[in-house]
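Below is one structure, written out as structure tokens; the observations come after it.
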Amino acid sequence: MVDLEALEAEARASLAEAGDEASLDAWRVVWLGRRGRLTSVLRGVRDLPVEERPRVGAGANRLKVSLEEAVAAHRSQLLASAADTDAIDVTLPGRAPPLGSLHPITLTRRMLERTFRDMGFDVVEGPDVELEEYNFDRLRIPAGHPARDMWDTIWVADDGDSGPRQLLRTHTSPMQIRYLERRSPPIRVIVPGTCYRYEATDATHEWMLTQIEGLVIDRNLSMAHLKGTLEAFVRRMFGADIETRFRCDYFPFVEPGAELGVRWQGDWLEILGCGMVHPEIIEDAGLDPELYTGFAFGMGVERVAMLRYGVRDIRHFYRNDVRFLRQFEGRR
Ligand code: YSA
């Protein structure tokens, strides 16, 4: 009489004791090898009484399959715990760390900087946390001026009378004033940087955006220089066939003011505000506005990136969805 249950119990108990690969191999030889104990049971089926054969034959075959599975599971368990130990196999090939890539806004910002550098502009940066005076007052936007409503503002601290108020800059234009304090004409500079506005987002508006400010001051500059520079720039960026339009716009720190739109998916997308620097700003900088004139602009980098890459919704840029970001791998 073959007791398969007792055989299985014994086989499993000795398998549980196998603590390394060599003992597993030895166990295999003893139980499942060509002369192993279970193999012998299977071989002996033909010598059993006829009525015993089906039970023992089928049972021993099932046991064989189940012991094969048990030994395989035990082997992977041993391998897994070996991997957890401190043992280092110096012969294994190294694992390459996953490489990130540049964010599409960084790519676009760098490309814009290159283009303006080629056109003779310097590049400087300014503070993200700005004084109210530079963000508004010295750009001819005093407290209570309706133009302040154009940009809802994120104040950093409201100390009342105890100190100057600070905010996350709503635009890069305060750097016009800071630059004019330090440098004299001829001036040809761009200022890339992040800006923040307390406003609801939609397909073309984010609450955090990147701008590139441009400032050019020299003798005898006119609106023709402003238009010529910006049109040359747009053609370099998007090719000669791009359709552009200038429209009047109002900014207290320019006179006259305009916006530049680009044809996009059957519609117009405004990419920047611009204008001739207001004579009072030139005068406040200690320059004679009869002698010096200039133009300035503030461009939205996310909008340029939308045009460049055909992105329909600006909110994709800061959602951090790797499926979106991976599409920019390998781009320059
Ligand atoms: C105007 C005249 C100058 O002489 C110099 C600069 C300027 C621009 C001004 N400082 C300004 O910020 N104007 S703006 O509010 O119209 O923004 C300029 C550009 O930034 C827009 O044309 C757009 O491209 C982008 N922008 C504005 N708000 C945005 C935005 N991009 C994404 N999300 C927003 N919420």
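Observations on the structure shown:
- Over region 239-329, the Kirkwood radius and the radius of gyration, each from Cα atoms, give a ratio Rg/Rh of 1.13.
- Per-residue ellipticity at 222 nm computed for the chain from its helices equals -12000 deg cm²/dmol, with DSSP H segments shorter than 4 residues left out and the rest contributing -39,500 (n - 2.57).
- The chain, relative contact order [Cα under 8 Å, separation at least 6], %: 15 percent
- Cβ-defined net charge surrounding Gly44, 12 Å radius [Lys, Arg +1; Asp, Glu -1]: +2
- Of Gly286, Ile242, Phe297, farthest towards positive along the dipole that unit charges on Lys, Arg, Asp, Glu beta carbons give the chain: Ile242
- Counted charge near Leu230, where neighbours are those whose Cβ lies closer than 12 Å (Asp, Glu -1; Lys, Arg +1): +2
- Length-normalised contact order for region 122-277 - Cα pairs under 8 Å, 6+ apart - percent: 18 percent
- For region 182-201 and region 58-98, distance of Cα centres in Å: 60 Å
- 5 Å binning of all Cα-Cα separations within region 1-115, expressed as whole percents from 0 upward: 2, 9, 15, 14, 10, 8, 7, 5, 5, 5, 4, 4, 3, 3, 3, 2, 1, 1, 0
- Over the chain, volume per residue of the alpha carbon convex hull, in Å³: 292 Å³
- Under 15 Å, Cβ to Cβ, from Glu21 - net charge with Lys/Arg +1 and Asp/Glu -1: -2
- Residues Cys274, Cys248, arranged from fewest to most other Cβ atoms within 10 angstrom of their Cβ, appear as Cys248, Cys274.
- Solution diffusion estimate, µm²/s, Stokes-Einstein, region 136-213, Kirkwood Rh from C-alpha pairs, 25 °C, viscosity 0.890 mPa s: 173 µm²/s
- Listed by Cβ neighbour count within 10 Å, with the fewest neighbours leading, Ile177, Ile271 appear as Ile177, Ile271.
- Residue exposure sequence - Ser222, Ser173, Ser14 - by fewest surrounding Cβ within 10 Å: Ser222, Ser14, Ser173
- Region 257-298: relative contact order in percent, alpha carbon pairs under 8 Å with at least 6 residues between: 35 percent
- Extending 7 Å from the Cα toward the beta-carbon at both Asp249 and Ala22 defines two label points whose distance is 7.9 nm.
- Alpha-carbon radius of gyration plus Dmax, which is the widest Cα pair, for region 233-280 in Å: 12.4, 40
Coordinate-derived values only; no laboratory data. None of the values given here were measured: they were computed from a predicted structure. Don't worry about glycine lacking a Cβ; one is built from the backbone with ideal geometry, like all the others, and counts go over all protein chains shown.
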